[in-house]
Amino acid sequence: MKSIIFFLFLSLTLTAFAGRGKNQQQRIKQGVESGELNKKEAHKLRQEQQQIRQDRKDALADGELSKEEKLKLHKERNQASKHIYKQKHDGQKKGEKPAQGIDVGDHEDAMDNTADE
């Protein structure tokens, strides 16, 4: 009985995680279509999404997702969401250069900083 509950919980957790990733992908797509994101920004944001998916795959390699792994992935998704928001709201118009100061390609460092808080 406990194993059934565990697998249901794991299944729901993974489904919710996947849904959040799809939502973030949609936000990136919408940003490109509206001109809020240029191709370079969108590429970096998509790379960040891919890295999070790879981190999830690595975390599940042993068949389990530990509490620490869940927390790390949750923080990565939060950071990615902030990156999407900042890039979409940087005031740039279609065809302009990307805003300086937001490096979404290095979310590992951002994760290390948030873990200390």
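The values are calculated or read from the model by the stated rules, or taken from the named source; none is laboratory data. As the structure is a prediction and not an experimental result, all values here were calculated from the model. Note: areas computed on protein heavy atoms with side chains; ligands, DNA, RNA excluded. Shrake-Rupley method; radii C 1.70, N 1.55, O 1.52, S 1.80 Å.
At-a-glance table
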item: Out-of-range pairs (alpha-carbon distance over 20 Å; input K29/K88; K57/K88; K40/K72); result: K57/K88; K40/K72
item: Solvent exposure ordering (accessible area, 1.4 Å, most first) of E68, E48, E36; result: E68, E36, E48
